Every structure is written in C-alpha cells, then in structure tokens.
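Q: After the structure tokens below, expect a handful of questions from me.
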Amino acid sequence: MCDLSHKCNKIYYRVKILTIGKQIRRRRKELKMTQEELSLKMGYKSKTTIHKIEAGINDVVHANVIKFAE
C-alpha cells in the first residue's frame, strides 16, 4: 500500500489517461481513420489534440467520452 495517497492518486490518474488514449488509438486504427479525420469528427481544431489524448498527455473531457464511443 502506498502511504503517499496524493502521489498514488497522481500515478493512478496518469495510468488511467494512458489506458483511455491507447483504447482510442486502437479503435481509430480499427476504423481506418486518421487523427485528422477523428479530430474533425470530434469537433477539435487540429489533430494535435487527438495525438495528445492518444499519448496520454491530455485527458478526454468527460462530455466527449460518449462522442468517442460513438
């Protein structure tokens, strides 16, 4: 068990973001979509946002999780 709950929470959150990003990337590739195509479908201004989500740099806005699932 980790005594430093704040540090553990940060690590857990980071792993969660990475996992979501990997799932989004895997599904995008299954659908044979580019990052640019997905960014347009999601309403983002550029493919950079999709790249950052897939890489675990950015988190997915909760409201967009359902859009990604569709």
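Q: Looking at region 44-57, which of its residues are more than 19 Å from THR19 (Cα to Cα) and either in contact (Cβ under 8 Å) with a residue 24 or more places away in the chain or polar (S, T, N, Q) (or both)?
A: Passing the criteria: only SER46.
Q: In region 1-54, which residues are modelled with pLDDT of 90 or more, among the polar types (S, T, N, Q) and part of a helix (DSSP H, G or I)?
A: GLN23, GLN35, SER39, THR48, THR49
The values are calculated or read from the model by the stated rules, or taken from the named source; none is laboratory data. The structure displayed is predicted, hence computed values, not measured ones. All Cβ positions, glycine included, derive from the backbone under ideal geometry; neighbour counts span all protein chains shown.
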